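To keep things clear, I will list the structure first and then write my remarks on it.
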Amino acid sequence: MMKSFATGILATSAAALALAATPALAQTTVQNWSGPYVGIFGGYNQTNDDGDEILRFDRNLDGNYGDQVSTGTGANAFSPGFCGGMATSTGPATGCKGDNDGVEAGVRAGYDWQFGNIVVGALAEYSVNNAQDSVTGFSTTPAYYTFTRELESTAAARLRLGYAAGNALIYGTGGYAYGKFDNRFRTSNLANSFTETSDSEDGDGWQAGGGVEYALGRGLTVSGEYLYTSLDVDSPVIRVGQGTAPATNPFILPPNTTGTDMTRGNGKFGTHMFRVGMNYRF
């Protein structure tokens, strides 16, 4: 449903951009950018490449995630390593599936003030998204352990500063951003127990970027825009217990037989947003 909505908005915006060159919509006066507007937009979200991300472990449950999970001989139980993506098998030899980029669709409202060629403004917007970011750890068992977070929606409030050149407005923009996430964990380990002890579906941070808006006439404008979004996200914590595993299992070896807390190592979610949109100015 969301992809169909985004596709519809992209098609509508692309059609509007094409109409910009149509004589029937040619303007006889230069656009005045002062005043309120509402609009729609759609685009493509490219997640950051974080192939060096790892999992972190709290072996003694003291709240510090810097411990090694060791076998009975003292070897690193996660010596096969980590990858930035979803596992395709129980070992790293086959590699990992890369992060899923996504699409977005949204609505916005704003107000601009024009002073000569300088335009300043403020806007608020909301969009639905589906970009994913995963990380996987591999144990010597062998087994995989994958954390995935999916950006489901974003809300933002930004300022805008631009330069009006005829019917075009070239601008930069930046401000606050908030994201809603869906966190998931999966593993091929069927022996231990896995209990989620904490989770956060929220992330906040900032957006910055720029774009061009062009006036078609009759109150309509079209735009092309790039934004970078950076959000701080608290990753879920998974407690690995004994389950049906033997007492020699690395996650429950003495002196702590309760288990091991595991989380992902990167608390940042970053995405590049490429958008087209259409506004109506009152």
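When only Cα pairs below 8 angstrom with a gap of at least 6 residues are kept, the stretch 33-158 shows a relative contact order of 29 percent.
Phi angles of the stretch 74-79 translate, via the Karplus equation with coefficients 6.51, -1.76, 1.60 and θ = phi - 60°, into HN-Hα couplings of x, 6, 6, 6, 10, 5 Hz per residue; Gly and Pro are given as x. Karplus-based coupling profile of the stretch 109-120, in residue order and whole Hz: 8, x, 9, 10, 10, 10, 10, x, 8, 8, 10, 10, with θ = phi - 60° in 6.51 cos²θ - 1.76 cosθ + 1.60 and x standing for Gly or Pro.
Springs join every pair of Cα atoms under 10 Å in this Gaussian network model of the chain, and among Thr29, Thr257, Thr148 the largest mean-square fluctuation is at Thr29.
Ranking Gly51, Gln31, Gly63 by how far each Cα lies toward the positive end of the dipole of the stretch 27-74 (charges on Cβ) leaves Gln31 at the top.
A 1.4 Å probe, protein heavy atoms only, puts the accessible area of Glu201 near 90 Å².
Between the Cα long axis of helix 2-19 and the first principal axis of the chain there is an angle of about 30°, rounded to the nearest 10.
The GNM of the chain, with springs linking C-alpha atoms under 10 angstrom apart, assigns the highest mean-square fluctuation among Ala109, Ala245, Ala157 to Ala245. Among Trp206, Trp113, Trp33, the largest mean-square fluctuation in a Gaussian network model of the chain, built with springs joining Cα atoms closer than 10 Å, belongs to Trp113. Listed values [x] 70, 46, 31; [y] 81, 33, 26; [z] 128, 42, 33 include one computed from this model; for Cα extents along the principal axes in Å that value carries the label [y]. Reported to the nearest whole Å, the Cα centre-to-centre distance from the stretch 242-256 to the stretch 257-281 is 33.
Classified by the C-alpha gyration tensor, the stretch 42-99 has an oblate form. Its axis ratio a/c, with a ≥ b ≥ c, is 1.5 or above, and a/b does not exceed b/c. Measuring spread by the Cα atoms of the stretch 17-175 yields a radius of gyration and Dmax of 24.6, 81 Å. Largest first, the residues Leu161, Leu123 sort by 1.4 Å accessible area into Leu161, Leu123.
Per-residue surface analysis assigns Leu159 an accessible area of about 120 Å², computed on protein heavy atoms at 1.4 Å probe radius. The trypsin sites (Lys or Arg not before Pro) of the stretch 196-282 meeting both criteria, a DSSP state outside H, G, I, E and B (loop) and at most 15 other C-beta atoms within 10 angstrom of the site's C-beta, are Arg218. Expressed as a whole percent, the accessible surface of the stretch 45-110 that belongs to carbon and sulfur atoms is 48, based on a 1.4 Å probe.
Assign one of three labels to the stretch 111-262, namely rounded, prolate or oblate, based on the Cα gyration tensor with a ≥ b ≥ c the square roots of its eigenvalues; rounded applies when a/c is under 1.5, prolate when it is not and a/b is larger than b/c, and oblate otherwise. Verdict is prolate for the stretch 111-262.
Normalised per residue, the accessible area of the stretch 124-282 is 39 Å², obtained with a 1.4 Å probe and no contribution from ligands, DNA or RNA.
The values are calculated or read from the model by the stated rules, or taken from the named source; none is laboratory data. Here the structure is a predicted model, which is why all the values come from computation and not from measurement. As a convention, Cβ positions derive from the backbone with ideal geometry for all residues, glycine included, and neighbour counts pool all protein chains shown. Side chains are part of the model used for accessible areas, which takes the heavy atoms of the whole protein and leaves out ligands, DNA and RNA. Shrake-Rupley method; radii C 1.70, N 1.55, O 1.52, S 1.80 Å.
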